[in-house]
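Here the structure comes first, spelled out in structure tokens, and everything after it is commentary.
The values are calculated or read from the model by the stated rules, or taken from the named source; none is laboratory data. On a predicted model such as this, the values are computed, not experimentally measured, just so you know. Cβ placement follows ideal geometry from the backbone for every residue including glycine, while neighbour counts extend to all protein chains displayed. Quick note on the areas: whole protein, heavy atoms, side chains included, nothing else; ligands and nucleic acids left out. Shrake-Rupley method; radii C 1.70, N 1.55, O 1.52, S 1.80 Å.
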Amino acid sequence: GIVLEDRFGTGKTLTAYGLPKTCVQNGWTFLYVEDVRDISLAMSFAKMYAPCVLFAEDVDRTIPIGSRSEEIDKILNTFDGVESKDIEVITVLTTNNVNGIHPGFLRPGRIDTVIPVHAPDSDAMLRLVRHYAKTKSGDPIIEGTDEQIIAAISGLKGTNAAFVKEAVERSKLCAIEKPEMMISPEDLKKAIVSMGPQIK
């Protein structure tokens with residue numbers, strides 16, 4: 001069991017988008033569970049298609065601190081009950097508020113690790129820009145050196161991955177007007193300026 005935690009927009013959900021491809025490449029099944037309350041049913045399904053990765057978001061909304069009900073007991077038992085032992089299932093959950101989760105859920109045996117997904121540093125932001133600045137076929141549509149791009153996105157310092165994606169999407173609108181349709185560092189700067197109120 002894994003919990004990815006930190007504030008909104010840091011890339012926890014983005015991780016889910018990469019998981020299915022990784023699972024299939026390695027012979028694992030991937031299941032997206034819309035509601036953590038359905039995890040018991042999903043676990044039964046996962047057993048039939050193991051090895052399997054189960055992914056669900058916002059676990060803090062389902063298993064809040066200070067509450068205990070039959071439904072919560074069922075979820076807790078799903079993670080460390082007899083039926084869940086010795087099966088190849090990895091559960092990946094996300095939360096924006098790890099302190100709001102029932103402590104009984106986070107104990108070892110139920111959850112093996114809690115991984116903070118912090119806001120990206122400049123190197124991670126550069127990689128995100130290069131990731132998003134591509135055509136559907138995967139061809140890069142950004143020009144400039146790493147140093148120029150890092151300087152252009154310095155206005156995003158302290159923000160999260162969602163802001164980087166939006167800056168790239170807005171800069172694509174500037175690139176459309178050019179014959180070569182390439183994003184420049186200057187396009188990124190303009191996009192970030194237009195996001196000023198949101199960044200503030």
Kindly provide the set of residues from the stretch 113-162 that are among the acidic types (Asp, Glu) and in contact (Cβ under 8 Å) with a residue 40 or more places away in the chain, ordered by number. Glu143
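Residues in the stretch 16-29 that are more than 16 Å from Leu4 (Cα to Cα), open to solvent by less than 50 Å² (accessible area, probe 1.4 Å) and hydrophobic (A, V, I, L, M, F, W, C): how many? Working first, answer last.
Filtering the stretch 16-29 down to residues more than 16 Å from Leu4 (Cα to Cα) leaves 20-29.
Remaining after also requiring open to solvent by less than 50 Å² (accessible area, probe 1.4 Å): 20, 23, 29.
From what's left, hydrophobic (A, V, I, L, M, F, W, C): 23.
Counting residues in the stretch 16-29 that are more than 16 Å from Leu4 (Cα to Cα), open to solvent by less than 50 Å² (accessible area, probe 1.4 Å) and hydrophobic (A, V, I, L, M, F, W, C) gives 1.
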Return only the number of the condition from (1) open to solvent by less than 60 Å² (accessible area, probe 1.4 Å); (2) part of a loop (DSSP other than H, G, I, E, B); (3) of a type outside the set (Lys, Arg); (4) at pLDDT below 90 that Gly104 does not satisfy. (2)
Of the residues in the stretch 1-15, those that are open to solvent by less than 30 Å² (accessible area, probe 1.4 Å), hydroxyl-bearing (Ser, Thr, Tyr) and part of a helix (DSSP H, G or I) come to none
Mind listing whichever residues of the stretch 74-101 are surrounded by fewer than 19 Cβ atoms within 10 Å (Cβ to Cβ), outside any helix (DSSP H, G or I) and modelled with pLDDT of 75 or more? Ile87, Glu88, Ile90, Asn96, Asn97
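Could you list, in sequence order, the residues of the stretch 149-187 that are among the polar types (S, T, N, Q) and open to solvent by less than 20 Å² (accessible area, probe 1.4 Å)? First the steps, then the outcome.
Our first condition is that a residue be among the polar types (S, T, N, Q); within the stretch 149-187, this holds for 154, 159-160, 171, 184.
If the condition is that a residue be among the polar types (S, T, N, Q) and open to solvent by less than 20 Å² (accessible area, probe 1.4 Å), then Thr159, Asn160, Ser171, Ser184 are the ones that fit.
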Condition test on Lys190, is it assigned to a loop (DSSP other than H, G, I, E, B) and open to solvent by 70 Å² or more (accessible area, probe 1.4 Å)? no
Do we have any residue at all in the stretch 55-73 that's assigned to a helix (DSSP H, G or I) and in contact with a His (Cβ under 8 Å, 6 or more places away or on another chain)? yes
Of the residues in the stretch 30-50, how many are loosely packed, with under 12 Cβ neighbours inside 10 Å and under 27 Å from His118 (Cβ atoms)? 1
When you look at Ser137, is it open to solvent by 40 Å² or more (accessible area, probe 1.4 Å) and more than 23 Å from the chain's Cα centre (by Cα), yes or no? no
Can you name every residue in the stretch 25-42 that is under 14 Å from Ile72 (Cβ atoms) and either in a helix (DSSP H, G or I) or among the aromatic types (Phe, Trp, Tyr) (or both)? Val36, Arg37, Asp38, Ile39, Ser40
